[in-house]
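The values are calculated or read from the model by the stated rules, or taken from the named source; none is laboratory data. Predicted model only: the values in this text are computed from it and were never measured. When we count neighbours, we look across all protein chains shown, and the Cβ atoms used for this are built from the backbone with ideal geometry, even at glycine. Accessible surface areas use protein heavy atoms only, side chains included; no ligands, DNA or RNA. Shrake-Rupley method; radii C 1.70, N 1.55, O 1.52, S 1.80 Å.
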Amino acid sequence: MFSVKPTKPTFRSYLPPVQTDVKTTIEPPPKKVEPKLLQGEIVVNEVNFVRKCLSADSSQEGLWGKLICTNFKVSFIPTDPPSEQKSHLSHLLLGQHDIPLTCLEQVVTVNDTKGKKKVLGSNQKLKFNPTELILYCKDLRIIRFCFLEAGPEGAKKVCLAIAHYSHPADLPLLFGFEYQGRRYHDSKEQRVNDSIPRGGLRTPIFDRPSDWDREIKRTGASEWRVCSVNENYAISPSLPEHIVVPVSLADQDLKQNSIYFMNQRIPVWCWNHPNGSALVRMGSIVDPLQQRRIDQRFIPAITKSHPQRSEVIRSDLDKCLPNIQDLQCAFIKIRHICVIDPFEESEERWLSSIENTRWLEYVRAFLKHSAEMVYHLDGKNASVILQEEEDRDLNCVVSSLVQLMLDPHYRSLVGFQSLVQKEWVMAGHRFLDRCNHLKKNDKDESPLFMLFLDCVWQMMNQYPAAFEFTETYLTVLSDSMWIPLFSTFLFNSPKQRAQYLVDFAKNKAIPQGEDQLVYFPPVWDWSQQYSMADQTLFNNPMFVGKGAFGQNGEVKAFRRAKKTYSATLRGTPASLRNGQKGGEDSLARRGSWLSELKPDFSLVKDESPSERFFRDCLARPADQQSLLIPLLLPSHLALWKLYFLRWVPEACISKGGPITAYHKLSQLVDEIEILQSHLRQYKRPSPASTPLSSQRRMYFKASSPHDPPSPLDYLTSSFPFTPRGNLCRRSTYGTPISKFLNGARIWLSTETLDNDPL
Amino acid sequence: MGASQLGVQRGATSRHSLGMFSARSLQELPGSSLCPTSGARVPRCSLVPAASLPARPNVDEEERRQEWDFLDLKADYSRMGLPNSLWKLSPVNQHYKVSDTYPADLFVPQSATPPVIVGSSKFRSRGRFPTLSYYSKENHAAICRSSQPLSGFSARCLEDEQMLEAILRSNPRSDFMYVVDTRPKLNAIANRAAGKGYENEDNYFNIKFQFIGIENIHVMRNSQQKMLEACEQRSPSMSDFLEGLESSGWLKHIKAVLDAGIFIAKAIAEEGVSVLVHCSDGWDRTAQVCSVACVLLDPHYRTLRGFMILIEKDWISFGHKFSHRCNHLVGDPKEVSPVIDQFLECAWQIMEQFPCAFEFNARFLITIHSHVYSCQYGNFIGNNHRERRALGLRERTHSLWSYLWKNKADYMNPLYRPDHRQTQGLLRPSTAPYCFKSWRGLYNRFDQGMHPRQSVEDYLSAIQEETQQLEEQLASHQRKIAQLEQEGTVTWGAVSCDKSPTAWALGRDMGLANTPQDYAGGFVTTSPCQQKAPDGSLLLLTHDCNLSNGSDQESGFADVSCLSPLSEDSARDPDSDEAAYSAA
C-alpha cells in the first residue's frame, strides 16, 4: 500500500516568470507552497505566480499564489495567506480556495490583449496564451485567475488540464473511486477496533428488507408487504431490490404484469397515512390496450389495502407539471440573473427578471400539486397513485414533498435523509445524468433535486420551527452533489450502483461481503466533510428548543402548575390567531386603504372542496407535529437567498440578516440545555455521564458575562459562506450602459412637471 | 370589493369614514377604556375627528396631561448634547411668526443671529429656514432641514448664504457640507421657473450639492395604489403578482428613500460632514429622509421610546401635514399621499435586514400606522404645531405614545440585543433589489389564510418559559439540598462530600450560563405585562390576537412576545445559588 504520494508533477509545469524585475513587490517569498492532497490524489499540473481575484469590482484586489490541477480538484495555494480568523464552516476535505472538478460548470479562458475567449472542453487545443481563467461552478461560484505574471505555457497547460480532467470519460474515473478505495484500506485497522454496523450511520438506506419493514411498522401499513421479487433487479433495472406492494398481490402477478409498465416500474408503496390511505408511485403504462388489465389487477389490490376500501386517486404528473427541460431552463435563467449578469443590469427589473425565469412559478406548482395530493390522502381518506412516464423524476419531488407535509418524522434530520434515500436514491432518480457529472449529455441535465430543496426551504421559511435542520444544511447538501466522493449522488439507479461497486470492490481488493456503506459511504456520514462542531450549524434552535419539552419527564410534570399558560401557548383558538380579532380591526381607519383591505367573506362560497380543506387546515392552530400545508399565494414564495445569493457581494448584509436572529436563538437554546443537564445531574448524579461540551447542539454557545465580548463581525447574511473571492464576474469595459441610463433617468423623470405641487 | 376601486379615490372615500364609528367598535378599541364615549355620531363639521374627543374631558385631565408630557422633545435634544457651544435654542419662532408650519423651539447655529434667520426664512418656501434636526455628539456633524430656496434662475440671499455658512462653521472639523435636494433634478429645475429651485454651488460657501431622486407625492400615491392592486388580486399567478409589484414601482420608491437615508447617515457617521436636506416644502421627502437617516445612525432611535420621539420630532413637530396626507377630513384628493407609510416601511425593511437591532417589532409599526389613520389619538391630527395648539388637542384628546408605552410588552422584540456590536452604531443595510420585500404583514393583513401560523415568537416564548421553569426547579432543588445538608445526617454528609466538587463546579457554571446581559433585551418587559394582565394565559391570548395578523412570518423574528417573568428569577437565582453553596 502506498501512502500519500509526494507531489510529483508529470511534466515541467511552469516557467520562471517573465517580468519579475518589473514588479518586485509581488514576488513571493521563497516559501514552499504545497497543496493538501487526499489519499490517492495526484497533482496533474501547476503554475505559479497566479493572481486570484478577490472582489468583483476592482480587479486590482487579489491573492498571489500557485494554481494546481489535481485529479480531484482545482486548488489555489496563496503564497501569503491572509491571516483571516477562522469564522465559518470549513470543509475537511476541501480548502477555502479549492473547487472539485465535478463542480465545474464551464472552464473559460480569455486573452485580454487579443480579445479572445474560449470555453474549454475535454481534449481541446488552445491557440492563444490565456491571460485569465474563469471557472463557472455548479454551486454558483465564479472564480477568476489572472496569469499576467505567470509563464504563458504553464498557464495554458493548467487550463487545458483543468478542462480535460473535469470531463471524465467514464464514471469510475471520478475521484471518489480512487479516494474511497485508499481510504478503506488506510482506515481498516481503526474500523476493526470499533466495528459499528453500517459505519455508525443512523440514516436508513433502504437497501435491505428490514429498513422497509421498519417503515411499514412505523406508518402502520399492515396491508402492505416487503417483496423481493426484484432481487438482482430481475424485473426492473431501476427499482430497488426490495419493494413494498399490497399483500393481496402475489409475486407472480407482479412479474407477469411488470412488462406493461414503462421500465417495469410497477406501482410501489411510498408511505401510509395513519387513516390507512397509501401513497403509491408508478411508471406509465406502455400499451394503452393493457390499461384495463392493469386497472383490474393493481387498483383493486391497492383499494383492498385501504382499511376503508376507499377510492384510489390517480395523478398523472406529466400532464400537470413542468418537465425536466423546463426546469433546467428556468434554473439556468435564474442562475444567470442572480450571479452572472452584472449586478447593475439586473437591478432595475429585478422582480420581472425573477418572474421571467419562471423558477418560482415552478416551485409553487410542485408545492401546490403536492398539497393537493395531501388533500386526497388526508382530507378525503383516499389512496393516491403518482404516475409519471419513468417514475424517476417528478414523482420523486412530489412524493417526498407530500410525505414532508404529512409526516413530522421526515422533518427531523435523520428522517429527511431517509426520505431522500427512499424517494430519490433507491427510487432510481438518475443523479448521474441529472447532475451531468460526466458532462456528456447536456440534454439530460436537470436540477430536480435542487428544486426539491427549494420547495423544502419554502416550507421551512413559512414554518420556522417545524424542521430539525436549517437552510445551511440544505445548502450544504446541495453543494455535496458536486463533490464526487460519496455514493449518494453518483449513480442513476440502485442497480448501477451495485454493479459499479462490485467492480470497484474487486479492483480495490475489498473483501467480499463488506458493507457498501463502509467502503463507499453515502453523503449522510457528515463527519467525512465537517467537524462535529461545524455540523451543529445544521441544527435549528427552534426545533431543538421545542424538543426540550416532553423529553424530560420532570419538566413536564412540573409544568402542570402552569397549565393554562402552556395550553394557551400551544393551542390558541384559530379565530384569534388568524388575524380576525374583533377590536382592532373594527377600528375605522379614516380615509385609509386599510378599511378596503378587509376580507370579503362572500367569496368563500364558491370555493372548491380542496380549497375548503386548505382553508380549514390553515385555520387550525399550527401544530407542527402533523400536517404542514404551505401557503401558496405568490407573496408567500420567496427567493432562496442563502442559496442563490450567498456569493453575491451586493446582496450581502454585513452584521445583519437572519443569521443574527439564529445567533441569539442558538445561545438561548444552548443555555437551556446547560440548565437541563445541570438538573439531570442533580436528579441522578452519575459520574459516568458524558461531559456537557460534547452534547451541546448549538453552534453559537451561550456566553457568560465574564467572556470578552466577541465581535462577530463575520456574521453576514451570507454566513457561513462568504462572497469574497467567490464571485468575480468579468469587469465590463467602459461605463456599462445601465450606469449611463441610471444617470439619465434623473433627467428623464416620468412625472410630469406640473404634477409637482410646489 | 373590486380591486380596481381600492383606494382609488382615497380622498373621496367618505362613504365609510364616519359610518364605521359605531358604539360597539369604539368600545372595542384598544384604548377605549381611556376615552369612554357615548358613541353618538358626531357631526362631521367638527374639525377634530370624532373618535379622538373624549366625552368627559375633565375627568381624566391630570392623567391626560401626563400622557402628553410623556415624550419631551427638549429631552431628546439634550440627549444629543444640545444646546452647546455650537448650537443654541432660538426663540425666533416662538409665536410661529417666522414660519407657521415650524415648531416653536428650534435649534440654530450659535452664530446665527435673528436677522440672519429671518432673512434666510424669507428666501425659503413657507419660511422654513434651515434648522437642526439631528446632531451627532461624537463628531459634531449635524443633519439640518429646510424647504427649497426661492432662488429662481438667479436670485441670491445673503442671509441664507450666511445661514448655511453658520451651519458649516458649527461643524469645526469639516471644511464643507452637503446640501441634499431629495427631488429628481428635473422637478427641481422646473421649480426654478416658479421662482423656487435649488442652491447654486457658486453662491454658497463650500457646499457640495446633491440631487437624490425621490419622486413626489402624486407618484407615490399612484404607486401605492398599483401595489395594493397587486396585493389584492384574488388568485394571482406568480407573474401577475411579481409584475404587478414591479410595475407599481413601490419597492423602487422605498429603495430611493432608503438610499437617501443611507447617503446622509454615511455623510454624518463616516465623513463627519454636516448635511442640509430639503425637498420642495421640506415636510414630506425631507421628513422621510431625515428620520430614516436617524434610524440608521443612532441606536436610540431604534428603541421603542426613541422611535416615538423620532416621529414626534421629524414628522409631527416639523409639520408633516398629517391631516392632508392621511385625508383625515375630506379634502383635496391631490394632497393625499402615503409619505408616512413609506417611512414606516423603510423602518420595517431595515428591521428585516437587522432582526436584532430594534427594540420593537413589526406590530409596533403596524399599530402606529393604524393610528396615524384612525384619529383615535390626537397626535396626528392637524397639519402642524400651530394648528394643534389652536385645536387644543392636548386638552381634548389622548396621546398615542403613552398608550403604546403602557402596552409596550406587545411591541417588544425579544431578539433585540442592545449590547451587541452587531447592532450598535451605524447600520449599513443593503439596498440591492433582492433585499426589498413586499410587506405582507401590513398590506395583506386582513386576507384570510394568508399568514403562516407558526411563528418564531411562540417558540421563543416557549423557550423562555422553559428556561424559567428550569431555573425554578433548580432553585427548589438547591433549597432541598441545603435543607438536607442542614439536617446533617451522617450518610448525607458523606454523599454531599462526594458530590460537592461537582456541585460546586456546576454552581459556577450556572452562574456563567445565567447571562443577565444576554437576556436583558428579551426580558425587560415583565412589569408592564403584569400590569396589563396579571395572569399569564390571558396575557398571551391578547398577544396572539393582537399580533398574528400584523406580524407574519415575513417580519421574521420581529414579534416575539416576551412574557417571561424570568428577569426576577434570573436576578435572584445566582444569589440563591451562592447562598446554597456557601452553606454547603
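Counting, for every residue in B:412-423, the Cβ atoms of other protein chains within 10 Å of its Cβ and taking the mean gives 4.
Exactly which trypsin sites (Lys or Arg not before Pro) in segment B:108-197 are in a DSSP loop and have at most 12 other Cβ atoms within 10 Å? Here the trypsin sites (Lys or Arg not before Pro) that fit, given the DSSP loop and packing criteria, are B:Lys137, B:Arg173. With a 1.4 Å probe and all protein chains left in place, how much of the accessible area of segment B:191-240 comes from carbon and sulfur atoms, in whole percent? Answer for segment B:191-240: carbon and sulfur cover 39 percent of the accessible area. Restricting segment B:56-141 to GluC sites (Glu not before Pro) that sit in a DSSP loop and have at most 16 other Cβ atoms within 10 Å of their own Cβ leaves B:Glu138. Here the gap between A:Val247 and A:Glu189, fully extended at 0.36 nm per residue and compared with their Cα-Cα distance, gives a gain of 16.4 nm. Between the beta carbons of A:Lys683 and A:Ala619, assuming R0 = 45 Å, the FRET efficiency works out to 0.60 to the nearest 0.05.
Using the Cβ-Cβ distance between B:Arg156 and B:Lys185 with R0 = 30 Å, the FRET efficiency computed as 1/(1 + (r/R0)^6) comes to roughly 0.90. For the segment B:424-433, counting C-beta atoms of other chains within 10 Å of every residue's C-beta and taking the mean gives 5.
Taking both sides together, the accessible area buried where B meets A is about 12700 Å² for a 1.4 Å probe. Residues whose amide H lies under 5 Å from that of A:Gln106, counting only those 5 or more places away or on a different chain, are A:Tyr136; hydrogens are built 1.01 Å from N in the peptide plane.
With a Förster radius of 35 Å, plug the Cβ-Cβ distance of B:Asn200 and A:Ala638 into 1/(1 + (r/R0)^6) and report the FRET value to the nearest 0.05. Calculated transfer efficiency: 0.15. Of the listed residues A:Tyr233, B:Tyr377, the order by accessible area with a 1.4 Å probe, largest first, is A:Tyr233, B:Tyr377.
Count neighbours as other Cβ atoms within 10 Å of each site's Cβ, and list the chymotrypsin sites (Phe, Trp or Tyr not before Pro) in segment A:351-398 that are DSSP loop with at most 13 such neighbours. Of the chymotrypsin sites (Phe, Trp or Tyr not before Pro), not one in the loops of segment A:351-398 has a Cβ with at most 13 other Cβ atoms within 10 Å. Shown for segment A:142-190: the carbon plus sulfur share of the solvent-accessible area, taken with all protein chains present and a 1.4 angstrom probe, equals 51%.
Taking amide H as placed 1.01 Å from N in the peptide plane, A:Phe49 has its amide H under 5 Å from the amide H of A:Gly65, each at least 5 places away in sequence or on another chain.
Applied to segment A:153-167, the Karplus parametrisation 6.51 cos²θ - 1.76 cosθ + 1.60 on θ = phi - 60° returns per-residue 3J(HN,Hα) values of 5, x, 4, 4, 5, 5, 4, 5, 5, 4, 4, 5, 6, 8, 10 Hz, with x for Gly and Pro.
Amide H to amide H, with H built 1.01 Å from N, B:Phe360 comes under 5 Å of B:Leu304, B:Asn413, counting only residues 5 or more places away or on other chains.
Of the solvent-accessible surface of segment A:410-463, computed with a 1.4 Å probe and all protein chains present, 46% belongs to carbon and sulfur. The modelled label-to-label distance between B:Arg394 and A:Ser527, using points 7 Å beyond Cα along the C-beta direction, is 7.1 nm.
Using a simple spin-label model with pseudo-atoms 7 Å out from Cα toward Cβ, B:Lys137 and A:Ser310 lie 6.7 nm apart.
Accessible surface calculations at 1.4 Å, restricted to protein heavy atoms, place segment B:307-452 at 20 Å² per residue.
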